Amino acid sequence: MMLESIHTEHGYIIRLLNILQRKLVAIQQGKDVDYQLIKDIVEYLQKHAECCHHPKEDVLYHYYQSHYADSRGMNDLEAEHVALAKLTQEFSETVDMILMDAVIPLDVFAAKLNTFVSRQKAHLEFEEKYIFPLIRNTFTAEDWVNVSAQYEECMCDPLFGDQVSERYRSLAERLNA
């Protein structure tokens, strides 16, 4: 079912955000961090989450809004996805600058990393605690058939799918270590 798939993807995203959280602690403790690993995580979130994950959620939100009068919180979710995409792009550019040897003060980078992780986690928590239970308790079997017909599942997750792409091999190794 669609919600289970989204919930599983949230688990994957949380795993990646937890790695970023640990990198933040390392930075705050003055330790060296692997900025390429941070880049790999952010790029995965940009490419896969924004292209496959959020569109799936948006199908649910739009369907709910068009079929049920009570759309508490739904109105802001698509805008939140746009804002998260912008935040992710900005943070990605910061990481790219560091990888190109630009001098960015560690406290500035740490603040951006903290904001990125905090906003992403808050968004996931809001969906899991409020939005998904509302949808789960409201949708009928017919609703699930209708939303499933509106979304074509992305078949190849380059990190958590059956085949890990070469691009994410080192990240996958870190996740499985």
Value of [θ]222 nm, deg cm²/dmol, for the chain, DSSP H segments ≥ 4, -39500 (n - 2.57) each, nearest 500: -22500 deg cm²/dmol
Mean projected area in nm² (Cα convex hull; one quarter of hull surface) for region 77-147: 6.1 nm²
Principal-axis tilt of helix 35-44 within the chain, Cα atoms, nearest 10 degrees: 20 degrees
Environment charge of residue 176, counting only residues whose C-beta is closer than 12 Å and scoring Lys/Arg +1, Asp/Glu -1: +2
Farthest toward positive dipole pole in region 1-82 [+1 Lys/Arg, -1 Asp/Glu at C-beta], among 10, 66, 33: 33
Cα-only radius of gyration and Dmax that characterise the chain, units Å: 17.5, 55
Per DSSP, loop trypsin sites (Lys or Arg not before Pro) in region 20-72 with at most 13 further Cβ within 10 Å: 31, 72
Modelled FRET efficiency - R0 35 Å, residue 137 with residue 114, Cβ distances, 0.05 increments: 0.55
Distance cut-off 19 Å, percentage of C-alpha pairs in region 1-79 lying past it: 51 percent
Two-site label geometry, residue 165 and residue 150: point separation in nm, points 7 Å out along Cα→Cβ: 2.7 nm
GluC sites (Glu not before Pro) within region 72-177, DSSP loop, no more than 16 other Cβ atoms inside 10 Å: 152, 153
Per residue value of the accessible surface for the chain (all protein chains in place, 1.4 Å probe), Å²: 54 Å²
Relative frequency of Cα-Cα separations exceeding 15 Å in region 113-156, percent: 62 percent
Extended-chain gain in nm, criterion 0.36 nm per residue less alpha-carbon gap, residue 128 and residue 172: 13.3 nm
Region 117-162 - percent of accessible surface contributed by carbon and sulfur, probe 1.4 Å: 53 percent
Accessible carbon and sulfur surface of region 1-45 relative to its total accessible area, %, 1.4 Å: 51 percent
Helix 74-99 vs. the chain, principal-axis angle (Cα, 0 to 90°, nearest 10): 20 degrees
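The values are calculated or read from the model by the stated rules, or taken from the named source; none is laboratory data. Remember, predicted model here, so these are calculated numbers, not experimental data. So basically every Cβ, Gly included, is an ideal-geometry build from the backbone, and we count neighbours across all protein chains shown. The accessibility values were calculated without ligands, DNA or RNA, using every heavy atom of the protein model including side chains. Shrake-Rupley method; radii C 1.70, N 1.55, O 1.52, S 1.80 Å.
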